[in-house]
Amino acid sequence: MTEQTAYSGPQRIFSGIQPTGNLHLGNYLGALKKFVDLQTDGWDGVYCVVDQHAITMPYSPAELPDQTRQIAAAMMACGLDPDVSIIFVQSSVRAHTELAWVFNCVTRMGWLEKMTQFKDKGGDNSERVSVGLFDYPVLQAADILVYKATHVPVGEDQKQHLELSRNIAARFNQQFDVPGFFPEPEGLIEGPGARIMSLKDGTKKMSKSDPAETSRINLIDDADTIAKKIKKAKTDTLGDMPVTVEEMEGRPEVANLVGIYGAMAGLSDEQVLAEYGGKGFGTFKPALAELAVDHLSPITTRMRELMNDPAEIDAALAKGAAKANAVAEPIIEEVRRVVGFWQV
Ligand code: TYM
């Protein structure tokens with residue numbers, strides 16, 4: 001066996017968001033906000049609306065283009081600049097699915113059978129869900145690696161998929177004896193927004209698919225709705241706000257609200273508790289609502305403006321697709337050669 005050689009190419013960020021349902025505060029704090037911070041820090045970033053992932057579950061073809069546009073609008077409204085970062089739609093770069101096929105033949109069934117997200121989404125019905133849903137993480141690995149991306153900002157729920165991407169990269173490099181060809185992409189997961197929980201149940205993550213609207217704050221919610229949802233957020237009957245981080249133990253709903261406050265204000269849990277510890281929820285919740293509205297309303301306003309001017313979004317996505325293709329094409333060309341495909 002050849003000695004391991006690490007990947008030594010350029011560093012690059014890749015991340016993706018599915019155009020299913022409304023974007024919520026978890027998507028914002030776990031992903032979008034990080035994308036913008038990384039752009040500010042000067043990283044080369046490739047940000048993708050993953051419409052091919054969205055068809056793995058039942059969906060409406062008629063609504064998909066507008067949902068795709070809405071995610072692009074959110075990326076731009078949060079501060080991703082299409083002149084600086086690459087913002088595009090997955091299906092407009094054919095190399096993703098081509099690489100996914102090659103990876104299908106590298107990935108072992110047993111690896112996919114361990115994926116908890118498939119088990120959650122497929123539930124007891126796993127015989128009847130699409131093969132695409134089972135294969136979903138392989139396409140995700142192809143998304144990342146077709147750009148040889150080295151770093152992937154995501155929320156904590158994507159940790160296992162990312163681990164699989166690393167395994168696929170390592171396996172490809174080994175199987176085809178091309179050490180260091182693909183990087184083993186690292187997750188950028190840490191941070192206060194990595195796991196935002198439901199406002200109704202502090203043990204369940206905030207999710208687009210939760211039937212309870214009051215469980216999440218959507219990026220397109222107006223100020224009134226945001227304030228109402230925070231006011232109604234579940235707390236507990238253990239009294240006032242905890243004074244120390246240790247006292248948040250066993251109080252998941254309260255810990256979640258403190259985490260959300262901190263993630264938006266750029267403060268640690270300790271710092272939030274230094275200000276609100278021992279105070280009543282009647283003080284903390286309005287402060288949190290005000291912070292959330294101040295933070296999100298410029299984004300919401302810009303998102304609405306963009307959605308009213310789809311031409312601006314579409315032009316940005318067309319430019320993004322051209323730039324993404326320019327990065328992916330030479331890489332998929334190399335892959336074709338490495339795996340022995342017929343050269344035309
Ligand atoms: P998706 O569309 O479900 O979510 C988009 C991003 O939001 C993060 N996220 C959260 N972060 C914190 N707290 C939460 N409650 C929360 N809910 C969602 C997700 O971790 C994600 O970063 N499989 C991916 C899309 C994808 C992808 C990729 C991501 C496809 N290819 C390649 C990275 C790299 C997904 O369904 O994300």
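What's the number of the only condition in (1) under 30 Å from GLN39 (Cβ atoms); (2) away from the ligand (no atom under 16 Å from the Cβ); (3) in contact (Cβ under 8 Å) with a residue 40 or more places away in the chain that PRO183 fails to meet?
Answer for PRO183: the failing condition is (2).
Any residue in segment 92-106 that's over 15 Å from GLU334 (Cβ atoms) and of a type in the set (S, T, N, Q): show its pairings with residues that are buried (at least 21 other Cβ atoms within 10 Å of the Cβ) and at pLDDT 95 or above at Cβ separation under 6 Å, as long as the two are six or more apart or on different chains.
These pairs meet every condition: ASN104/VAL138.
Of the numbered conditions (1) assigned to a helix (DSSP H, G or I); (2) more than 10 Å from the ligand (Cβ to nearest atom), VAL129 satisfies every one except a single condition; which is it?
That leaves (1) as the condition not met.
In segment 233-248, how many residues are of a type in the set (D, E, K, R), at pLDDT 95 or above and not in a helix (DSSP H, G or I)?
Residues meeting the conditions: 1.
What do you reckon, is ASP120 in a helix (DSSP H, G or I), more than 16 Å from the ligand (Cβ to nearest atom) and either in contact with a helix residue (DSSP H, G or I) (Cβ under 6 Å, 6 or more places away or on another chain) or over 19 Å from VAL50 (Cα atoms) (or both)? Let's see the steps before the verdict.
Working: in a helix (DSSP H, G or I): yes; more than 16 Å from the ligand (Cβ to nearest atom): no; either in contact with a helix residue (DSSP H, G or I) (Cβ under 6 Å, 6 or more places away or on another chain) or over 19 Å from VAL50 (Cα atoms) (or both): yes.
Taking the combined requirement at face value, the residue does not satisfy it.
Would a scan of segment 250-260 turn up a residue that is at pLDDT below 95, acidic (Asp, Glu), away from the ligand (no atom under 13 Å from the Cβ) and over 20 Å from the mean Cα position of the chain (by Cα)?
Checked against the condition, which is being at pLDDT below 95, acidic (Asp, Glu), away from the ligand (no atom under 13 Å from the Cβ) and over 20 Å from the mean Cα position of the chain (by Cα), segment 250-260 yields no hits at all.
Tell me, please, whether a residue that is part of a loop (DSSP other than H, G, I, E, B), within 15 Å of the ligand (Cβ to nearest atom), in contact with a helix residue (DSSP H, G or I) (Cβ under 7 Å, 6 or more places away or on another chain) and in contact (Cβ under 8 Å) with a residue 12 or more places away in the chain can be found in segment 80-88.
Yes, that holds for at least one residue.
With the requirement that a residue be free of Cβ contacts under 8 Å to residues at least 40 places away in the same chain, within 12 Å of the ligand (Cβ to nearest atom) and either β-branched (Val, Ile, Thr) or surrounded by fewer than 20 Cβ atoms within 10 Å (Cβ to Cβ) (or both), what does segment 191-224 give you?
The answer is LYS204, ASP210.
The values are calculated or read from the model by the stated rules, or taken from the named source; none is laboratory data. Predicted model only: the values in this text are computed from it and were never measured. Every residue, glycine as well, gets a Cβ built from its backbone with ideal geometry; the counts of neighbours run over all protein chains shown.
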